[in-house]
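The values are calculated or read from the model by the stated rules, or taken from the named source; none is laboratory data. The structure presented is a predicted model; accordingly, all values stated were derived computationally and were not measured. Cβ placement follows ideal geometry from the backbone for every residue including glycine, while neighbour counts extend to all protein chains displayed. All accessible areas refer to the heavy atoms of the entire protein, side chains included, with ligands and DNA or RNA removed. Shrake-Rupley method; radii C 1.70, N 1.55, O 1.52, S 1.80 Å.
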Amino acid sequence: MTNSYELLLDSKVHVLVLTGAGVSAESGVPTFRASPDGLWENHRIEDVASPEGFAQDPALVWRFYSERRAKAASVVPNPGHYALAELEKKLGDRFMLATQNVDGLHTRAGSQRVIEIHGNLFKTRCTVCDREPFDDHTVYAANEVPGCGRCAKEGRNALLRPHIVWFGEALDGTHLHRISRFMSNASELVFIAAGTSGAVYPAANFVHDARRYGAKTVLINQDPADNGRAFHHWIQGKSGEVLPGLFTFAD
Ligand code: BV8
């Protein structure tokens, strides 16, 4: 574990960054392990963020997401988000950001090459018809469960759901393909994971995939991560403080 660290990037290196809830913590967005018992309203998050949880109590699940939607809309990106947007400007298509976060803060900080592998709080989709997930900033009332207007017109009763990848649901295959193609195309790869406990799969496996491609792997995290031993380097600290001064560029 080191505290001061500098990452020298040459003109060939490709950088893949994976972020988790810790990167948004300095913006005021609670992490999943903020409350020691990892509960929300006495529910295990894995139970609320799941298709079974939604089937059992859609109003409770919409309350969980409406509350997080309101919170995410009320905060702003922090220096860690901006540092990654700056790095993308320098590296262009030699940069890729995969985020587990659903708060949209990377995009608001200017990042464009972002893959939101777990979805986005501000998108909603129908549980039945194949309409595209649509932008939705509505904070639904406590017991309101929105229905699909298009289905209603066609005489069907269909609930709307957050466009989020729940536990037990598959990630978008095109996202995973883009990430592995980025790694395999890189002649020289650096993999950085920031603000993530490495507890959730398949994202927690990315470091192993990157090492198979010969990557240098760096973890930037306040606490030890579950998959921390897989990284060559661990910079213990706050991502909003570490990321801005981390990168130097060889000519
Ligand atoms: C799937 C959306 C299969 C919800 C989320 C092995 C392989 C594959 C799957 C599994 C497997 N083992 C188990 C599984 C199942 C499961 C899983 O991983 N379970 C865990 C609990 C063991 N995985 C899945 O279900 C995935 N689906 O694999 O499907 C499949 C295949 C085909 C067909 C059907 C099914 C889906 C996983 C996605 C779940 N959705 N998010 C929502 O957000 O509401 S996960 C959710 O929790 C977040 O998105 C995030 O990914 C995760 C929390 O993790 P972190 O982001 O790391 O946050 P955390 O709070 O844990 O840690 C923050 C860290 O930051 C801390 O370490 C802290 O120290 C640090 N920190 C804090 N402040 C700072 C800081 N660091 C730096 N600076 C700071 N300022």
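Computed values, structure above
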read-out	value
Wholly enclosed helices (runs of 4 or more DSSP H) of segment 155-251 bearing at least 1 residues more than 16 Å from the chain's Cα centre (by Cα) and within 15 Å of I115 (Cβ to Cβ)	173-185, 206-212
Leading residue by the ranking (nearest to E132 (Cα to Cα)) among those in segment 157-199 that are more than 16 Å from the ligand (Cβ to nearest atom) and of a type in the set (K, R)	R178
Residues located in segment 10-30, provided they are surrounded by fewer than 18 Cβ atoms within 10 Å (Cβ to Cβ), within 13 Å of the ligand (Cβ to nearest atom) and on the phi < 0 side of the Ramachandran plot	P30
Hits in segment 212-234 (condition: surrounded by 14 or more Cβ atoms within 10 Å (Cβ to Cβ), more than 9 Å from the ligand (Cβ to nearest atom) and not small (G, A, S))	Y213, K216, T217, V218, L219, N227, F231, H233, W234
Enumerated strands (runs of 3 or more DSSP E) restricted to segment 31-130, each holding at least 2 residues that are open to solvent by 10 Å² or more (accessible area, probe 1.4 Å)	114-116, 119-126
Qualifying positions in segment 92-123 - in contact with a Phe, Trp or Tyr (Cβ under 6 Å, 6 or more places away or on another chain) and within 14 Å of the ligand (Cβ to nearest atom)	G104
Hits in segment 219-249 - residues which are more than 17 Å from E86 (Cβ to Cβ) and among the aliphatic types (A, V, I, L, M)	L219, A225, A230, I235
Condition met for G149 (at positive phi and either within 14 Å of the ligand (Cβ to nearest atom) or not hydroxyl-bearing (S, T, Y) (or both))	no
